[in-house]
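These notes are about the structure you will find just below.
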Amino acid sequence: MRKRVPGRTYLVAVTALVAVSVSLGLALGTVFIPIGEITRILKEGPRQGDTFSLIIWTLRFPRVLLAFVEGASLSVAGVVMQGLFRNPMADPYVLGVASGASLGAVVGIVMGIGKALGLWALPGLAFLGAIGSTLFVYALSTKKGRTDTWTLLLSGIAVSSLVSSLIALIMVLWRERVEEIVFWTMGGLSRASWQSVLAAACYSLPGMWVLWLQARPLNALSFGEESAFHLGVAVEKSKRILLWASALITASGVAFTGPVGFVGLVVPHVVRLLTGPDHRWLLPLSALTGGNVLILADLLARTLRPPLEIPVGVITALFGAPFFLYLLFKTRRSGMDE
Amino acid sequence: MTVGEQFMPCGACDTGESRVQAEVGEIRVKGVSFAYGRKLVLKNVSLDVPAGTVAALVGPNGAGKSTLLKVISGYLRPSEGEVLVSGKPVHRLSSRERSRLITYTGHEPRPSFEFTVEETVRMGRTPYVRSVFSESKEDLAAARAAMRAAFCEELANRAITSLSSGELQRVHVARAICQDPEVFLLDEPTAHLDLAFELLMMELVSRMAQERKKTVLAVFHDLNLAVRYASVLFFMKDGSLVHSLRPDQLSKEIIRDVYNVDADLVFHPATRSWRVVPVSAAVRPATTSPPARYD
């Protein structure tokens with residue numbers, strides 16, 4: 001058996017990496033700010049009239065934090081969906097959960113709810129869309145507790161295309177809102193503010209905590225629902241908690257950053273490969289790794305061609321899509337879904 | 001009263017709650033029926049297994065043996081009747097309480113992730129652990145002991161995805177032992193094992209019953225294994241319990257009645273048990289269980 005990195009070692013390493021990435025995220029951009037300056041600014045707190053202080057406190061810091069929270073959310077949602085569907089190809093985007101969340105958010109934008117109720121309402125609507133598509137895909141692809149890879153992927157594709165056309169339809173019917181919708185679906189973290197960091201954290205952190213408490217049932221569920229039942233897991237209750245909480249954190253991710261694909265697919269895979277499939281470690285370690293990955297992806301997005309900003313979803317897709325194809329072929333070769 | 005009578009289907013001889021005190025580990029199945037959709041798979045089955053017994057469920061393919069085992073385990077809910085284990089109604093217990101009382105091991109799907117054998121066996125402690133994160137020293141020791149007992153200690157660090165069917169079966173039994181219940185429900189516990197492990201596994205099962213007072217109810221495909229190791233045989237046919245008897249009460253007539261096979265019974269002195277030697281298959285009447293599969 002391949003040697004695993006012990007959970008503790010990985011935890012220390014990834015925490016150090018997060019510290020490095022956060023520092024890079026604060027230092028780099030159209031203007032370079034030296035580390036010494038950053039520590040001074042962080043110590044002093046926000047100060048009027050200081051340009052560096054302004055950049056750090058109103059632009060980069062909330063942005064880095066939002067990237068971290070959303071990267072963590074998407075990765076944790078990916079871990080849970082892969083565990084629940086007993087299928088390494090599952091993730092919030094592949095399954096169409098994120099598309100459902102997008103539809104919810106777009107409906108919110110069109111109805112002006114985002115403006116009227118502020119940042120807090122958008123994730124709520126995204127959540128309705130996410131849970132709707134989760135339950136739909138789950139019902140379509142799972143028979144007697146077994147999930148067939150191809151049915152799962154196809155249901156996900158079907159839901160995603162349905163949602164895309166619905167969003168297109170909404171854009172045609174409400175032309176005056178097109179600009180707002182397009183801006184939102186382009187994704188990215190450029191609209192990050194302290195308010196959005198706070199809102200995202202309020203949705204995501206409790207969601208992730210609830211999911212971590214389900215780590216043991218999730219381990220047992222990897223052996224099939226019947227085995228989990230005999231091991232003393234309240235299967236239906238656990239499944240409900242896992243589905244709803246993962247839809248919630250996906251919705252939070254989608255509402256604040258727009259579509260950012262493949263993080264939830266790739267990160268759980270790599271972490272599982274390195275440290276093993278035990279969800280008690282896999283969930284927190286994937287959260288830290290995913291947060292780190294999205295900070296770095298966002299850093300690339302805004303520093304590759306300054307002052308232009310590439311949508312962060314483009315960056316993650318460029319790295320993630322080949323990985324997805326690799327997995328798909330590997331699954332087919334090993335006949336894993338037989 | 002002979003033992004044979006004692007194990008007769010007890011629907012008629014028992015009137016509900018007459019017995020107040022139940023022994024720990026005793027199984028009582030009372031008038032259980034079960035249907036998959038509109039197909040009636042179990043028809044008013046009643047049986048008793050006293051604590052500390054190895055009992056065998058035998059019968060032709062499609063007789064309802066596995067379904068009965070799953071109903072007793074609590075996984076399937078009977079349309080009629082009830083199941084009591086240690087006097088407690090299985091289908092009304094909490095998940096935790098039920099899984100401390102009963103374990104079930106049968107045909108499981110292959111695991112999708114690379115857990116090690118030791119991690120898998122430790123999951124048997126799920127009904128006991130309190131903390132989300134860590135197991136107690138006792139839990140870890142229990143897992144070690146269970147692996148030793150079920151002959152898979154040397155597999156401890158192997159990935160569960162890399163095991164052969166026989167190795168996987170031993171791991172499942174180890175996990176069941178680690179769960180430390182009063183009742184073991186085993187669906188063909190030796191199906192994938194070679195001759196040596198088959199014997200070792202059956203000796204283990206006997207010891208569990210004799211020394212630790214555990215109750216074992218197992219489905220056997222191999223009638224000879226059942227006759228040698230079980231102290232009571234339950235014969236099922238077409239969803240009904242048709243005979244309950246001790247191995248030494250087995251007769252050619254019963255085998256013919258249940259399996260439609262002419263067989264000889266030969267006493268084997270070394271194992272001190274009867275061997276069933278099938279001689280020829282009688283023509284199967286069209287009304288009995290589904291046709292045998294030739295795959």
With the condition kept exactly as written, say whether any residue in segment A:22-42 is within 22 Å of A:N292 (Cβ to Cβ), touching a residue at least 40 places away in the same chain (Cβ under 8 Å) and among the hydroxyl-bearing types (S, T, Y).
no
Only one of (1) within 9 Å of another protein chain (Cβ to nearest Cβ); (2) more than 30 Å from B:D48 (Cα to Cα) is not met by B:E138, so which one is it?
(1)
Helices (runs of 4 or more DSSP H) wholly inside segment A:86-156 containing at least 2 residues that are at pLDDT 80 or above and at negative phi:
A:97-110, A:121-141
Number of positions in segment B:67-81 that are surrounded by 17 or more Cβ atoms within 10 Å (Cβ to Cβ) and more than 12 Å from chain A (Cβ to nearest Cβ):
5
So, A:L11, is that one part of a helix (DSSP H, G or I), within 14 Å of chain B (Cβ to nearest Cβ) and at pLDDT 90 or above or not?
yes
Only one of A:P277, A:P259 is in a loop (DSSP other than H, G, I, E, B), touching a residue at least 40 places away in the same chain (Cβ under 8 Å) and more than 30 Å from A:V5 (Cα to Cα). Can you tell me which?
A:P259
Taking segment A:228-245 on its own, how many of its residues are at the interface with chain B (Cβ under 8 Å from one of its Cβ atoms) and of a type in the set (G, A, S)?
2
Exception for A:E225 within (1) within 10 Å of chain B (Cβ to nearest Cβ); (2) more than 24 Å from B:R98 (Cβ to Cβ) falls at (2)
By residue number, the members of segment A:224-240 that are part of a helix (DSSP H, G or I) and either touching a Phe, Trp or Tyr at 6+ places or on another chain (Cβ under 8 Å) or farther than 20 Å from B:E114 by Cα (or both) are A:E226, A:F229, A:H230, A:V235, A:E236, A:K237, A:S238, A:K239, A:R240
Just to be sure before I move on: is B:R98 within 18 Å of the chain's Cα centre (by Cα), at pLDDT 95 or above and more than 18 Å from B:S244 (Cβ to Cβ) in the structure I sent?
yes
Among the candidates A:L218, A:L211, single out the residue that is in contact with a His (Cβ under 7 Å, 6 or more places away or on another chain) and within 13 Å of chain B (Cβ to nearest Cβ).
A:L218
Out of (1) surrounded by fewer than 19 Cβ atoms within 10 Å (Cβ to Cβ); (2) facing chain A (nearest Cβ under 7 Å); (3) within 25 Å of B:M236 (Cα to Cα), the odd one out for B:V132 is which?
(3)
Would you confirm, using the coordinates I've provided, whether A:L211 is within 15 Å of the chain's Cα centre (by Cα) and either touching a residue at least 40 places away in the same chain (Cβ under 8 Å) or farther than 17 Å from A:L122 by Cα (or both)?
yes
Could you figure out which of (1) buried (at least 16 other Cβ atoms within 10 Å of the Cβ); (2) closer than 29 Å to B:G87 by Cβ isn't true of B:E138?
(1)
Is it fair to say B:S112 is crowded, with 20+ Cβ neighbours inside 10 Å and polar (S, T, N, Q)?
yes
Find the residue count for segment A:72-93, including only residues that are more than 14 Å from chain B (Cβ to nearest Cβ) and surrounded by fewer than 24 Cβ atoms within 10 Å (Cβ to Cβ).
0
Matching residues, segment A:29-46, being among the hydrophobic types (A, V, I, L, M, F, W, C) and crowded, with 16+ Cβ neighbours inside 10 Å:
A:I33, A:I38, A:I41
Considering only residues that are within 7 Å of chain A (Cβ to nearest Cβ) and among the charged types (D, E, K, R), look in segment B:101-123 and name the one that is nearest to the chain's Cα centre (by Cα).
B:E108
Could you run through segment B:151-170 and say how many residues are among the hydrophobic types (A, V, I, L, M, F, W, C) and buried (at least 24 other Cβ atoms within 10 Å of the Cβ)?
2
With respect to A:G290, determine if the residue is of a type outside the set (D, E, K, R) and at pLDDT 95 or above.
yes
For A:S102, all conditions in the list (1) closer than 26 Å to A:R240 by Cα; (2) within 14 Å of another protein chain (Cβ to nearest Cβ) hold save one; what is the number of the exception?
(2)
For B:D194, all conditions in the list (1) closer than 18 Å to B:A150 by Cα; (2) surrounded by 23 or more Cβ atoms within 10 Å (Cβ to Cβ) hold save one; what is the number of the exception?
(2)
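The values are calculated or read from the model by the stated rules, or taken from the named source; none is laboratory data. Because the structure is a prediction, the values reported are computed rather than measured. Neighbour counts are summed over all protein chains in view; Cβ atoms, including those assigned to glycine, are modelled from backbone coordinates with ideal geometry.
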